[in-house]
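What follows is one structure encoded as structure tokens, with my remarks underneath.
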Amino acid sequence: MQLIDGKATAAKIKEEIAAEVKDIMAKGGKQPHLAAILVGHDGGSETYVKNKVLACEACGFKSSLIRFEENVSEEELLDTVKKLNDDADVDGFIVQLPLPKHIDEQKVIEAIDYRKDVDGFHPVNVGRMAIGLPCFISATPLGILTLLQRYNIETSGKKCVVLGRSNIVGKPMAQLMMQKQYGDSTVTVCHSHSKTLKEECREADIIIAAIGRPDFVTADMVKEGAVVIDVGTTRVPDATRKSGFRLNGDVKFDEVSPKCSFITPVPGGVGPMTICSLMKNTLAAGKKEYYK
Ligand code: GUN
């Protein structure tokens, strides 16, 4: 069994990005600039956004954080999105999700200029991704593809089971694993209502678990030699930690890992790659790689 070290891979990629930014700026180019909008004080969102700002520093990007209280109006948020769309210095920006219930999340996503949508959530980017055109690919699926590539894991022609069908992970992951230019795999998507989920998993060469249920994937569901990618990051109470919680993956690591050829740990697997993929997208936005 080989552990896939997302933390080390992400650190290396951030170094590569920083070197490229240095080069761009030495030639008189523009410093890439990522802005983030954070609404409210959700613990998970605060942590993600803090880590995004730190990653920008590591990559040599400029970053801006725009904060609103939980009671911000949809109108005010849409105004801010428009300002960022029009701000020539901002190459890309994200609105941290989830948003409070009184705000229409999809409306906010669609208000973002797709050329600055480094999260890859805008329907233009989702659609272009689905038909294999250059675009911003959402960060978690892109991070997983990068890990598979950097560990030279063969995916072409393999059976891949994606657990979960969210817009952020499951759906784009399945699309990408299916496409010839990325995974080139035979893909099955299973979810909470799939009757044959266990049987599908048992036949899979690659399992990508993004179902959001701690310890959901057990040893009896995994074929000997399978590759297991764990996207789960559920916070579970843990009195031994200073924070009072720990992150728990979707895979029962202790019993599943001995059967795997490769497996990602939680934490330190997919998580760090997500943020580093956002940095990749921001660099591409700065270079106007996909859109003029
Ligand atoms: N909330 C959970 N994951 C993400 C993400 O990748 N981007 C944004 N904007 N919000 C999130």
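Things to note:
- Residues 91, 113, ranked from the fewest to the most other C-beta atoms within 10 Å, line up as 113, 91.
- Spin-label model distance (nm) - residue 167 vs residue 53, 7 Å beyond Cα toward Cβ: 2.7
- Whole-Hz couplings from phi, Karplus 6.51/-1.76/1.60, listed for region 278-290; x for Gly and Pro: 4, 5, 4, 5, 5, 4, 4, 5, x, 8, 6, 6, 9
- Overall form of region 219-292 per C-alpha gyration tensor (a/c, 1.5; a/b vs b/c): oblate
- Separation of the residue 243 and residue 156 label points, Cα + 7 Å toward Cβ, nm: 4.0
- For residue 122, net neighbour charge (Lys/Arg +1, Asp/Glu -1) across residues whose Cβ lies under 14 Å away: -1
- Between 0 and 90 degrees, the angle of helix 74-86 with respect to the longest Cα principal axis of the chain falls at about 80 degrees.
- Residues of region 92-128 with amide N under 15 Å of the 7 Å Cα→Cβ point at residue 78: 102-113
Coordinate-derived values only; no laboratory data. As the structure is a prediction and not an experimental result, all values here were calculated from the model. In this analysis, Cβ positions are derived from the backbone assuming ideal geometry, glycine residues included, and neighbour counts consider all displayed protein chains.
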